[in-house]
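The values are calculated or read from the model by the stated rules, or taken from the named source; none is laboratory data. Model, not experiment: these values are computed from the prediction. Here the Cβ is made from the backbone with ideal geometry for all residues, glycine too, and neighbour counts use every protein chain on show. For accessibility, only protein heavy atoms count, side chains too; no ligands or nucleic acids. Shrake-Rupley method; radii C 1.70, N 1.55, O 1.52, S 1.80 Å.
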Amino acid sequence: MFKKILIANRGEIALRVINTCRDMGVKTVAVYSDADKKALHVLSADEAVYLGPSEPSQSYLDMDKIINAAKITGAEAIHPGYGFLSENSAFVEKCDQQGVIFIGPPAKVIKDLGDKITSRKIMVNSGVPVTPGLISTEADAGVMTAEAEKLGYPVLIKATAGGGGKGIRIVQSSDEMADACAAASREAKSAFGNGEIYLEKFFTKARHIEFQVLADQFGNTIHLLERECSVQRRHQKIIEETPSSVLTPALREAMGQAAVTAAKASGYVNAGTVEFLVDENLKFYFLEVNTRLQVEHPVTEMVTGLDLVRLQLEIASGKKLALTQEDIKGRGHAIECRIYAEDPENGFFPSPGKIIFLKEPSGPGIRNDCGVYSGFDVPVDYDPILSKLIVHAETREQAIHKMVKALKSYIVLGIKTPIEFLMNVLQSEPFVRGEVFTDFIDTHFSNWKPYMTDADIARIAFIVDEMCGTRKMRKTVSLHDEIPTPWQTLGHWRHGL
Amino acid sequence: MEYRLKINEETFPVELENDGEEKIKAVIGEKKFDVSFSAVNDHQLHLVINGQRINAYVGDQNDGKIIMIRGKSYFVQDAERVEQTKTRKKGPGSSPSEVTPPMPAVVIAVSVVEGDSVKKGQTVVIVSAMKMETTLNAPFDGTVKKVNVAEGDKVMPGDILVDIEKTEIKEAVSSVL
């Protein structure tokens, strides 16, 4: 096993990795930018190396700086987390050249699976069902239109180099095709430097269900059951759970098999996720492989009792997988909610800023993977995830109750979070019935407003807080760092009478 | 003692009466509340309201308090103080005719230079916060008087990123008066 690894990431995922390293007695090296000098991952690691300015390209995305940091600290391996360099095959090649182990799949696998056309071809050739559509790029809008007619509208134009929702267009009719092709290609060209596009059938009522896979360096590949991730906003998941309420044992078996086949066909090594679309008739189609640890991996850990980061480190250090498919049994039900710094009342707009008070939920079956603390200034420069809250219970119903309870006791003051919104979603009838599709938020919660049920209590609390005046004795009400004037320190006062 | 407290644009008077040590009686509209309280720490109050035990978490924010109760957030303001403040200064977003970001952000592109004439709705600045890009448009037809930011600058709501002088449609206005 490694003696020391570097974590090329920040926030909750860096903390998540540090946590397991501590369990295993592996020393950790954090890296950080200007904005993260006082970030929790920097405060928690055994060593920390400064990378540079907050701008990701000059810090967390700077491959040479990161590999150099590993070399000067003597870290043998790099865990990339998710995002940043985690799915960058050039980075893996550099690690290989410099003799630093990358904790993830080989460069070629990342490259092949990162290209939508290559990965679709691999799947088609190995018999994994893919979404109906093209398996080669097409520059001619006429050919695209003819193909779209065959598939039936709506269709999806996608960039082969795609990611992050860029270079994607949903097309409803043939007269929109030419414009949409041009726009998607242009957007892909500017985002990825590659304007190649292709066509897929678009499913209006679909579920997003993915399978966790695990493969060692000796060709042993297993899956760790599914995750249901249909509840999304702006194509980003916000609630994930396992098991899915629609998978029958037979369908789970078939999809699990397909996931293992997909991993084997691509030469996969380490932990990865095979994503599928499941339509209304419960037919499933391969979407893509995420060649990294997913944000939602903890729900799998809860029901299987496994530590995925530990397994990642073991596989990367050359250990043979001790688990067989028969060893994998799911127990109970797990749900994860992503706690972002964002405002659900205003289109989920980002809400960076200082956290003036934080109280995390706790209790049996409650886990909060958190990357922030009271007093931390959440920077504008990075992903808005603050923590992921996970619960585990015997049944789905109990897990929902537990999650609502956990959310109720999760206090974040100073920035906006979707805590109340998530409570409403979890308690809504369609969610309770398990009727979750990728259009769930748009269909049921498009103009969400908070219920003001405890407004009177809030008014009383306001007055009591004024009467107690605890904070004002020490600090001004002003949020600025300047020296307080008497007008600020006086607090509540009135003119004249 | 009477407070006028505002939540979500709705102002209600709250009548208050001391009822002993750490005890008050409050009346909001028709409803009466017997309250006993203690401050647990700087941000936590423990309230017993008509026999119901409640933890409320309080933080100061802008011109009010953010209060979390049972997972729900309420932004509560003293209505009188809000009225005083309004006349003193203009808060962020008080004028829709300014080029200002809706949230703390980083400037990723400035599409105009001083002297440019711009059309209403034309992109002038693109900002990014937490990986989400937002386009800021010219609020009216006009001429760019001054560009106050450059790529990479950190900006806050209320910061004027670009000064635009409005094109007067009717030239006659000044001469009439």
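Residue-wise test of (1) more than 40 Å from the chain's Cα centre (by Cα); (2) hydroxyl-bearing (S, T, Y); (3) at pLDDT below 90.
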residue: A:E435; (1), (2), (3): no, no, no
residue: A:R471; (1), (2), (3): no, no, yes
residue: A:K475; (1), (2), (3): no, no, yes
residue: A:W487; (1), (2), (3): yes, no, yes
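The residues listed here are B:G20, B:G29, B:G59; of these, the one that is free of Cβ contacts under 8 Å to residues at least 24 places away in the same chain and open to solvent by less than 10 Å² (accessible area, probe 1.4 Å) is B:G59. For the range A:391-421, residues that are more than 9 Å from chain B (Cβ to nearest Cβ), over 19 Å from A:E301 (Cα atoms) and either surrounded by 20 or more Cβ atoms within 10 Å (Cβ to Cβ) or hydroxyl-bearing (S, T, Y) (or both) total 3.
Can A:E280 be described as touching a His at 6+ places or on another chain (Cβ under 9 Å) and acidic (D, E)? Criteria not met by A:E280.
Taking each residue of the range B:100-120 that is more than 14 Å from B:I160 (Cα to Cα) and looking for partners that are of a type in the set (S, T, Y) and in a loop (DSSP other than H, G, I, E, B) with beta-carbon atoms closer than 9 Å, six or more apart or interchain, yields B:S117/B:T167.
Listed by first and then second residue, the pairs with beta-carbon distance under 8 Å, at least 6 apart or on different chains, first residue in the range A:381-407 and assigned by TED's automatic domain parsing to the domain that holds A:S428, second of a type in the set (F, W, Y) and part of a strand (DSSP E or B), are A:P384/A:Y340; A:I385/A:Y340; A:L386/A:Y340.
With the range A:216-297 as the region, which strands (runs of 3 or more DSSP E) entirely inside it contain at least 1 residues that are within 23 Å of A:I122 (Cβ to Cβ) and acidic (D, E)?
Ranges flagged: A:221-233, A:270-279, A:284-290.
Looking at A:F192, A:F211, can you tell me which residue is of a type in the set (F, W, Y), open to solvent by less than 10 Å² (accessible area, probe 1.4 Å) and either within 27 Å of A:P105 (Cβ to Cβ) or at pLDDT below 95 (or both)? Within the list A:F192, A:F211, the selection yields A:F211.
Does B:I66 meet the test of being surrounded by fewer than 20 Cβ atoms within 10 Å (Cβ to Cβ), in contact with a Phe, Trp or Tyr (Cβ under 7 Å, 6 or more places away or on another chain) and within 7 Å of chain A (Cβ to nearest Cβ)? In short, no.
Taken as a whole, the structure places A:Y373 among residues that are in the same structural domain as A:A341 (by TED's automatic domain parsing), among the aromatic types (F, W, Y) and open to solvent by 30 Å² or more (accessible area, probe 1.4 Å). Would you pick out the residues in the range B:127-151 that are closer than 24 Å to A:G347 by Cβ, among the hydroxyl-bearing types (S, T, Y) and either surrounded by 15 or more Cβ atoms within 10 Å (Cβ to Cβ) or modelled with pLDDT of 90 or more (or both)? Listed by number, the residues that qualify are B:S128, B:T134. One residue alone among A:T261, A:T300, A:T248, A:T304 is buried (at least 23 other Cβ atoms within 10 Å of the Cβ), of a type in the set (S, T, Y) and in the same structural domain as A:E435 (by TED's automatic domain parsing), and that residue is A:T300.
For the range A:160-182, residues that are part of a helix (DSSP H, G or I) and open to solvent by 40 Å² or more (accessible area, probe 1.4 Å) total 6. Kindly evaluate A:E296 against the criterion of being within 17 Å of A:V269 (Cβ to Cβ) and either away from chain B (no Cβ under 11 Å) or out of contact with any helix residue (DSSP H, G or I) (no Cβ under 9 Å at 6 or more places or on another chain) (or both). In short, no. Checking each residue in the range B:25-43 for being within 7 Å of chain A (Cβ to nearest Cβ) and in a strand (DSSP E or B) picks out B:A26, B:I28, B:K31, B:F33, B:V35, B:F37, B:A39.
One residue stands out among those in the range B:44-82 that are in a helix (DSSP H, G or I) and not basic (K, R): the one that is nearest to B:K32 (Cα to Cα), which is B:A79. Being closer than 22 Å to A:L247 by Cα, not in a helix (DSSP H, G or I) and not small (G, A, S) is a condition met by at least one residue of the range A:428-435.
Of a type in the set (S, T, N, Q), open to solvent by less than 50 Å² (accessible area, probe 1.4 Å) and either over 30 Å from A:E345 (Cβ atoms) or not in a loop (DSSP other than H, G, I, E, B) (or both): is that true of A:S185 in this structure? Yes. Looking across A:G365, A:G330, one residue alone is open to solvent by less than 60 Å² (accessible area, probe 1.4 Å), closer than 22 Å to A:H392 by Cβ and touching a His at 6+ places or on another chain (Cβ under 6 Å). It is A:G365.
Mind listing whichever residues of the range A:215-264 are under 23 Å from the mean Cα position of the chain (by Cα) and among the polar types (S, T, N, Q)? Listed by number, the residues that qualify are A:S230, A:Q232, A:Q236, A:T242, A:S244, A:S245.
Restricting attention to the range A:307-322, and to residues there that are at negative phi and not in a helix (DSSP H, G or I), which single residue is least open to solvent (accessible area, probe 1.4 Å)?
A:L321
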